[in-house]
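Q: Here you go, one structure.
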Amino acid sequence: MIDRIRLTAIAKNQLSTIKRRTGIEHYNSICRYALCLSLANGSRPPEEDFNFNGGLEIEWRVLTSGNDALYLNMILTRIALEEGSTREEDVKRLCVSHIHRGLSYLVSDEEALLKLPGIV
């Protein structure tokens, strides 16, 4: 259903900041954690018009580290709880919104950043 996730230039900068602060080498690991962090929040991420110029793309299989079905089911469960649309484009957009929100949490909240796996 999802083949690639596109992130904005702002998200790319946030990933670089998180990588520098934590030493976590791969963006996909940070994005997975950001997705889960945002999904754990009961509210919906804000509706945004994303501009992907200057951003980056991550393949879904790389982002999910081979656990495609698990992450897709987490997103679909969230959609079901919110009675949202399961159209492919809407699922992808919700995933992108959650990753962006999770990255914002990580950049602005030192405690959340310290909870990243692998950070002592």
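The values are calculated or read from the model by the stated rules, or taken from the named source; none is laboratory data. Only a predicted model underlies this, so the values are computations on that prediction, with no experimental measurement involved. In this analysis, Cβ positions are derived from the backbone assuming ideal geometry, glycine residues included, and neighbour counts consider all displayed protein chains. In case anyone asks, the SASA skips ligands and DNA or RNA and just uses the protein heavy atoms, side chains included. Shrake-Rupley method; radii C 1.70, N 1.55, O 1.52, S 1.80 Å.
Q: Whether any residue in the range 18-25 is hydroxyl-bearing (Ser, Thr, Tyr), at pLDDT 95 or above and either within 25 Å of Glu110 (Cα to Cα) or within 14 Å of the chain's Cα centre (by Cα) (or both) is what I want to check.
A: No, the range 18-25 contains no residue that is hydroxyl-bearing (Ser, Thr, Tyr), at pLDDT 95 or above and either within 25 Å of Glu110 (Cα to Cα) or within 14 Å of the chain's Cα centre (by Cα) (or both).
Q: Let me ask something else. If I filter the range 91-120 down to residues being more than 15 Å from the chain's Cα centre (by Cα) and of a type in the set (A, V, I, L, M), which single residue comes out as farthest from Thr8 (Cα to Cα)?
A: So, considering only residues that are more than 15 Å from the chain's Cα centre (by Cα) and of a type in the set (A, V, I, L, M), the one farthest from Thr8 (Cα to Cα) is Val120.
Q: Where the second residue is in a helix (DSSP H, G or I) and the first is small (Gly, Ala, Ser) and lies in the range 87-102, which pairs have Cβ atoms under 6 Å and are six or more apart or on separate chains?
A: Gly102/Ala34; Gly102/Leu35; Gly102/Leu37; Gly102/Ser38
Okay, residues lined up against (1) part of a helix (DSSP H, G or I); (2) more than 28 Å from Leu114 (Cβ to Cβ):
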{"residue": "Ile10", "(1), (2)": "yes, no"}
{"residue": "Ile18", "(1), (2)": "yes, no"}
{"residue": "Ile30", "(1), (2)": "yes, no"}
{"residue": "Cys36", "(1), (2)": "yes, no"}
{"residue": "Gly42", "(1), (2)": "no, no"}
{"residue": "Glu48", "(1), (2)": "no, no"}
{"residue": "Gly66", "(1), (2)": "no, no"}
{"residue": "Ile79", "(1), (2)": "yes, yes"}
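Q: Working carefully through the options Lys19, Lys12, find the one that is without any contact (Cβ under 8 Å) to a residue 24 or more places away in the chain and of a type outside the set (A, V, I, L, M, F, W, C).
A: After ruling out the rest, the residue left standing is Lys19.
Q: Now, a different point. Run Ile18 past the list (1) open to solvent by less than 40 Å² (accessible area, probe 1.4 Å); (2) hydrophobic (A, V, I, L, M, F, W, C); (3) within 13 Å of Cys95 (Cβ to Cβ) and report the number of the one that doesn't hold.
A: Failed condition: (3).
Q: Give Ile75, Ile99, Ile58 a once-over and let me know the one that is surrounded by 12 or more Cβ atoms within 10 Å (Cβ to Cβ), in contact with a Cys (Cβ under 9 Å, 6 or more places away or on another chain) and not in a helix (DSSP H, G or I).
A: Ile58
Q: A further question on this structure: Residues of the range 38-84 being within 13 Å of Arg6 (Cβ to Cβ) and of a type in the set (A, V, I, L, M, F, W, C), which ones?
A: If the condition is that a residue be within 13 Å of Arg6 (Cβ to Cβ) and of a type in the set (A, V, I, L, M, F, W, C), then Phe50, Phe52, Leu56, Ile58, Trp60, Leu63 are the ones that fit.
Q: Taking the criterion of being within 17 Å of Thr8 (Cα to Cα) and under 14 Å from the mean Cα position of the chain (by Cα), would at least one residue in the range 70-79 satisfy it?
A: no
Q: Considering only residues that are among the aliphatic types (A, V, I, L, M), open to solvent by 70 Å² or more (accessible area, probe 1.4 Å) and part of a helix (DSSP H, G or I), which ones fall in the range 102-120?
A: Within the range 102-120, Leu114 is the sole residue that qualifies.
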